[in-house]
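What follows is one structure encoded as structure tokens, with my remarks underneath.
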Amino acid sequence: MYRLGARGGRQLLRAGGFWGARTESQIGPNPTDRAKKGTKHHLVTDGGGVPLASVVTGANRHDVTQLLPLIEAIPKIKGGVGAPLSKPPEVLGDRGYDSDEHRMKLSGRGIRPTLARKGTPHGSGLGIFRWPVERALSWLHQARRLRVRYEKRADLHHAFVKLRCAVICWSLLHSAFC
């Protein structure tokens, strides 16, 4: 989207919206962060912290809205004899993913939801199992290009997220066999 603007008697062609799609400016402001533009990365990993799928949204989107798209984005996992695993047996998540409606939808798909409930005191024990996800997110944000978004196009930014996830997978594989 380009706009024409007059400056000093001449017409200038300038970008109308720098940050592009999948940022807060396209979705609407969030009152808690004073409408700052930004991107949120949602990541699902296996028990060892290997990234399986990622979703990129605007910073003002709530986490629970991305729970089901994140589970659906997991590719089929080939393993031993038989059909490939197409869904995880259990999903662990923090309070941001707590919703009775989503718990029911996950249960209907045969996935056991282990999500921390809102309003309960900390110390649920999920932190012991969630640290591989937090570690993977910190490794994802070690790339400056993902920590500070420079791409205008959402597809390019998501491609860099997937590339960084591939680097994380490679480094975990490399450390396991070397």
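No lab work stands behind these numbers, since they all come straight from the coordinates. Predicted, not measured: the structure shown is a model, and the values here were computed from it. Here the Cβ positions follow ideal geometry from the backbone for every residue, glycine too, while neighbour counts run over all protein chains shown.
What to note about this one:
- Global form of the range 41-170, assessed from the alpha-carbon gyration tensor, a/c cut-off 1.5: oblate
- Put a dot 7 Å past the Cα of residue 85, heading toward its Cβ, do the same for residue 162, and the two dots end up 2.3 nm apart.
- Full extension of the chain between residue 77 and residue 134 gives 18.3 nm of extra length, using 0.36 nm per residue less the Cα-Cα distance.
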